[in-house]
Amino acid sequence: MDAAEVKKMAREFGADLVGIAPVGRLQNLPPNRNPLSISDRTKAVIVIGHRIMRGTLRGIEEGTNFGSTYGCFGNGWMEHEFLSRTAYLLTSWLEEQGAEAIPLLPSTESPGQNFPDYRTVAEAAGLGKVGKGGFFLTREYGHRQRCAMILVDADLAPDPVQDI
């Protein structure tokens, strides 16, 4: 199993974005925001993302639909159905390849627990940059994506950090 195969499978399972961060790029994160605090076996962090479809924002912009479309397809269902399914399928596949993998979704954050900084980890995985306003931005979708990560004990080639 190599990075190219992981990315291919992530896309087959529905990811629009996929990047790999080496643990060395995460060393300076505080312990409570660092994925390395969750598992000391982590050798790489796979970040997967689903785009938020442009049309989900149309009703909000026009004042005709404030919640149902974006609430389902940009937020709630996006994280709890689509993104979690992709994370589950990829994690299952990684385990079938002999890796230990830990899926993490942004919606699972609980006060007092270690919880990785998704924006910084996605940047370290080469998917985009954290903008001045604190939003995570990609070339493909701007600020319209949701990301999950999978901690893995496999040595995978990292993606270069983007300079957007």
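The values are calculated or read from the model by the stated rules, or taken from the named source; none is laboratory data. Everything numeric in this text was worked out from a predicted model, so none of it was measured. Positions of Cβ are generated from backbone atoms using ideal geometry, with glycine treated the same way; all protein chains shown enter the neighbour counts. The accessibility values were calculated without ligands, DNA or RNA, using every heavy atom of the protein model including side chains. Shrake-Rupley method; radii C 1.70, N 1.55, O 1.52, S 1.80 Å.
So GLU61 ticks every box in (1) open to solvent by 20 Å² or more (accessible area, probe 1.4 Å); (2) at pLDDT below 90; (3) part of a loop (DSSP other than H, G, I, E, B) but one. Which box is left unticked?
Just one mismatch for GLU61, condition (3).
Only residues that are modelled with pLDDT of 90 or more, polar (S, T, N, Q), farther than 18 Å from ARG41 by Cβ and open to solvent by 30 Å² or more (accessible area, probe 1.4 Å): list them for the range 95-150, please.
Within the range 95-150, THR120 is the sole residue that qualifies.
Does the range 76-87 contain any residue that is modelled with pLDDT under 85 and surrounded by 15 or more Cβ atoms within 10 Å (Cβ to Cβ)?
Yes, that holds for at least one residue.
Among (1) outside any helix (DSSP H, G or I); (2) in contact with a strand residue (DSSP E or B) (Cβ under 9 Å, 6 or more places away or on another chain); (3) without any contact (Cβ under 8 Å) to a residue 24 or more places away in the chain, there is one condition ASP40 misses while meeting the rest; what is its number?
Failed condition: (2).
Taking interchain pairs and intrachain pairs at least six residues apart, which have beta carbon atoms under 9 angstrom, with the first residue in the range 79-104 and farther than 12 Å from ILE150 by Cβ and the second aromatic (Phe, Trp, Tyr)?
Once the first residue is farther than 12 Å from ILE150 by Cβ and sits in the range 79-104, its partners that are aromatic (Phe, Trp, Tyr) give PHE82/PHE73; ARG85/PHE13.
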